Amino acid sequence: MSRPTTRSKNKRHRQGDNVNITSEIMRKIHATGEITNDDINQLYVIQKPVCQGCRVNTKDNPNCFCGLIPPPNGSRKSGLWQKLSDIVQALGPDPCKDLRASADSPAGLTNLGATCYANSILQYLYMNTSFREGVFSVEPEVLKQHPVLDQLARLFAQLHASKMAFIDSAPFIKTLELDNGVQQDSLEFLTLLLSLLERCLSHSKVSKARTVVQDLFRGSVSHVTMCSKCGRDSEASSKMEDFYELELNVKGLKSLDESLDDYLNVEELHGENQYFCELCKVRVDAIRSIKLRILPEVLNFQLKRCVFLPKTTTKKKITSAFCFPGVLDMRQRLSEPSQLDWVYDLSAVLIHKGTAVNSGHYIAHIKDENTGQWWEFDDEHVSNLGLHPFGEGSSNSTSKVVHSEPAAGTEEKHGLTNGDHMDAVQLQSFKSSIGSHVETFSSNDAYMLMYNLRRTKKEINELNASYLEACKRYKLKKDSELNHITGRRQEVRSVLSEAPVRSFEEPFYWASIDWLRQWADNITPPILDNTLIQCSHGKVPVSKVGSMKRLSAEAWTKLFSKYGGGPTLTNDDYCMACLIDGAQSVVFADSYRDRRTLMRDLASDVLTGKCLDGTYYVSKTWLQQWVRRKNLDAPSEADAGPTVSIRCTHGQLMPEQAPGAKRVLVSEKLWLFFYEDAIAVKPDDPLGCKTFPLGSEQCPQCCVELSEVACLEDSLRAVKLKQRQTHEKLAMGKSIPLSLHCTYYLVPSSWLTKWRNYVIASGKNISSSVEPETLDFVIESLKCEKHLRLLERPPDLISKRGILFQKGSTTDGLTIITENDWNNFCEEWGGNKDKCISAIIEPGNVAENNLGGSCEETTSEEHLNPQDEVNNETETRQPIIRTCPEICEDCIGERESCKLMQKLNYSNGDIYVSLVRGKEAPRSILEASETASEPDRRASKRSRKTSYGNSVNLKVSGSTSVYQLKMMIWESLGVVKENQILHKGSRILDQESATLADLNIFPGDKLWVQDSEIHEHRDIADELADQKMTAQHAEEGFRGTLLTANISSQVV
């Protein structure tokens, strides 16, 4: 069984045959004036079969409706056939996704940028039932007077009763005037917020609310100092100080018990720290300690994980594991025995993630007082942790919960086991009235611990109703949109299935393909528009066959009845007038094409010199381009102006010697063809096709101007030739041999280069070359105005085979010339022979007999072998050049100083730094580091691997410090700043406060760095965060917010 032929199924058919058939029909119509039905069917391509499988909609088949809609499983980027998921996404966010998982699940708070510290504290305060009830009990009039308290109550109300998964904290943060882009300390925020709320709540008449802050969080301590001699306490010891949290050391301590012992530890005062006893009237030894007098219901501990390092003057976070119990017995910690059971349960753990002091992220693990469930509050995300603060069975890199075991005795030590970046804490038990089992938890990031003392609405409804209404509206909108799209898709498929016309006898209607595409693609299509396929006679022209489709009567009736518009164009609405005009155009195009082909042959004969009977001038360039152009059916814009380029500005024939005025003679027949085309293209421009018959005179004015220019160029050419011959060696750039005790002259090398370019210019460049300045002006510019001395140092000399030459005439500022050259230059370029800069060469420590030659000698080293130059160069001191006038060292030094200052004040320049792996740098690195490269050379900014390490180029300025450069190297090459040994050549750059300009480091310099690997690797983000906080004056904290305002938050 043979395979079906499908390879040509989706290919487009060539239109060459159709074009030939159309042309034949048009010629027949033009000749006979008759139009048959068969002609109509073929011209309007009605006989083509209905297309079934092409990939795109073909223009040459009005019965093809393929490609108007995608395949059954396909889609498009926009419109009706867009993916349903994209359409739903365009409807906006679904508010139902923000619904709480359950009624028992707490809500989160939005992070506005860097407000995680505030969110953690707010969640902690809200989850405290007593504090929440106190805030809810505040009178409405008190809330109106205190915006901060009012916004806090609103926030707590939303957290309590809102059905949303997270609440927007922006109103509260904005009311406090906090900068939501700056990370702050959570303890400082809690302290200041409680102080502010305490002032606001004092205006309430509800006792439960008025003192809720003091009742829950305030305790008292005394700083007791006891004299060892008389045994009495100081008078200040009886004073009690309030506290809202206890700050405990964690450095070198492993558990909360050890930190409390350290906090209440007795300090001995002796030696220079002796205490002056007011009773004994003498300095005596004493002991000092802190006494806990009154404990609050909510006991907050801050773990002092941030320590100051004096050596580096920086702050560092302590990330060691710290243990704390789930139940805390504080009875033995009080200064006086109490009958109450001061037993606390762990209620919250505030965690600071990250290793940097001034950055990182705050989250809170908080216990629900009603259910006993622990929850993790991470801004908008709230997760259930079960019955343990770090999750049941959790064991991550920073936190650990270990179930308790029966106590083996009255005391049991902590057993620490090294694990995966953590210390696993075994059981800690103690026997007390609270039981014989206690769970102990360990964390590397715990920052605050909160313990609770053991104990034996209309707006929210409206908010919830509004939220549920929004969900309902969204669902209705979504259902309506999807139903409309489904209906439209069914409509399009239904109409397209009925659109093909099944037979020639069946009536049909024409429809614009552009409108059909909009109707098939758009969700909401426009009204039916057939005006684009109408001719000026209101009919259907044959030229629009590729822009329209044949529709069956059923399909047209559905579309027209629903979308209106029009006009209605049936199978009888073909345009006879356009057909006749089109037939005439085809015949004219055939005739024009044949004539143009004939004329092209004539034009080719003209260009090859075969035509000798020419009678009219045309531009040769224009004719060459005309011959190369494609054969067209009608004249084009390029056929205009056959004589434009040979017509001068005076309207006459331009001399042939003028640039671009080359011309040729064409026959009268060919000229008349050109003229007709030019007039047809531009009938309003009679000068565009100016006629120049054979014998036309050239413009006399242009001829005179060309003659003058030619004479001037001939004269200039002769002058330049004479100067080249007079100064043969200077013109050719050859070295001039020099002799001792002879007088020479100095001219600027830049002027000499300009003169050389001027005299060697030839051809088209002879008139456009730039003349050098007058010599007198140039020589005067070499002298300083203040002392009238020379502003340039004379060039260096070199001895080659016993003859002196200027070492680098092309790079020196001045060039040595002979007296003969100087005198000729003065005559040619307006120089004053007396106002010269003369130079006499005197010997240094070089024997005169080694430097032979005299002023009259003409021996020259024109073509020395480079190897001979090296071998014959003298190693002794160079001869001395005495100039008149003398060199002005003062002015030269001042100018060089200015140049150096400009060089040092660079910005955005590139330097290259290579990381060397090993004890010593390769010789190539040392040599490259000693010499500077081109500062303007482009270089890649990314790190590149080499055989000895990595290399990178950095953007710096003269004011960049070595410290800043090391930070760039740290970021690019990953070497910690303290480990970098930075070199320039063999010199070590170790002054971090010095700038690159101070160390003479310029753009293009190459440095190299070694990694000492002494200090451990750390993240550069920590260093950058500390820099940022220092730059922003971190000690200001909450300055400028309502938390630090001296006045109340009362509205004025």
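The values are calculated or read from the model by the stated rules, or taken from the named source; none is laboratory data. Owing to the predicted nature of the structure, the values given are computational and were not obtained by experimental measurement. So basically every Cβ, Gly included, is an ideal-geometry build from the backbone, and we count neighbours across all protein chains shown. Remember, those area values only see protein heavy atoms, side chains included, never the ligands or the DNA or RNA. Shrake-Rupley method; radii C 1.70, N 1.55, O 1.52, S 1.80 Å.
Side notes on the structure shown:
- Wholly enclosed helices (runs of 4 or more DSSP H) of region 699-803 bearing at least 1 residues of a type in the set (Gly, Ala, Ser) and touching a helix residue (DSSP H, G or I) at 6+ places or on another chain (Cβ under 8 Å): 728-732
- Matching residues in region 578-597 - criterion: being open to solvent by 60 Å² or more (accessible area, probe 1.4 Å) and in contact with a Phe, Trp or Tyr (Cβ under 9 Å, 6 or more places away or on another chain): Arg595
- Matching residues in region 212-239 - criterion: being at positive phi and polar (S, T, N, Q): none
- Yes/no for Val182 being open to solvent by 10 Å² or more (accessible area, probe 1.4 Å), touching a Ser or Thr at 6+ places or on another chain (Cβ under 7 Å) and at negative phi: no
A quick yes/no check of all residues on (1) in a loop (DSSP other than H, G, I, E, B); (2) in contact with a Leu (Cβ under 6 Å, 6 or more places away or on another chain); (3) open to solvent by less than 70 Å² (accessible area, probe 1.4 Å):
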| position | (1), (2), (3) |
| --- | --- |
| Pro525 | yes, no, yes |
| Ala555 | no, no, yes |
| Lys562 | no, no, no |
| Val606 | no, no, yes |
| Leu612 | yes, no, no |
| Ala634 | yes, no, yes |
| Ala638 | no, no, yes |
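Here is a yes/no grid of residues against (1) within 30 Å of Thr129 (Cβ to Cβ); (2) surrounded by 18 or more Cβ atoms within 10 Å (Cβ to Cβ):
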| residue | (1), (2) |
| --- | --- |
| Glu272 | no, no |
| Lys304 | yes, no |
| Val327 | yes, yes |
| Arg331 | yes, no |
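Residues are listed down the side, and each one gets a yes or a no for (1) assigned to a loop (DSSP other than H, G, I, E, B); (2) in contact with a strand residue (DSSP E or B) (Cβ under 7 Å, 6 or more places away or on another chain); (3) among the basic types (Lys, Arg):
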| position | (1), (2), (3) |
| --- | --- |
| Lys144 | no, no, yes |
| Leu155 | no, yes, no |
| Phe189 | no, no, no |
| Leu197 | no, no, no |
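- Complete set of residues in region 860-897 that are under 57 Å from the mean Cα position of the chain (by Cα), part of a loop (DSSP other than H, G, I, E, B) and at pLDDT below 50: Glu862, His863, Leu864, Asn865, Glu873, Glu875
To keep it simple, each residue is scored yes or no on (1) modelled with pLDDT of 85 or more; (2) more than 26 Å from Asn820 (Cβ to Cβ); (3) not hydroxyl-bearing (Ser, Thr, Tyr).
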| residue | (1), (2), (3) |
| --- | --- |
| Pro700 | yes, yes, yes |
| Val709 | no, yes, yes |
| Ser767 | no, yes, no |
| Pro772 | yes, no, yes |
| Leu775 | yes, no, yes |
| Ile779 | yes, no, yes |
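- Qualifying residues in region 669-698 (those that are surrounded by 12 or more Cβ atoms within 10 Å (Cβ to Cβ) and of a type in the set (Gly, Ala, Ser)) - the one farthest from Ser619 (Cα to Cα): Ala680
- Ile533 open to solvent by 10 Å² or more (accessible area, probe 1.4 Å), in contact with a helix residue (DSSP H, G or I) (Cβ under 8 Å, 6 or more places away or on another chain), of a type in the set (Val, Ile, Thr) and closer than 30 Å to Ser75 by Cβ: no
- Filter result for the condition that a residue is surrounded by 16 or more Cβ atoms within 10 Å (Cβ to Cβ) and of a type outside the set (Asp, Glu), over Val298, Val266: Val298
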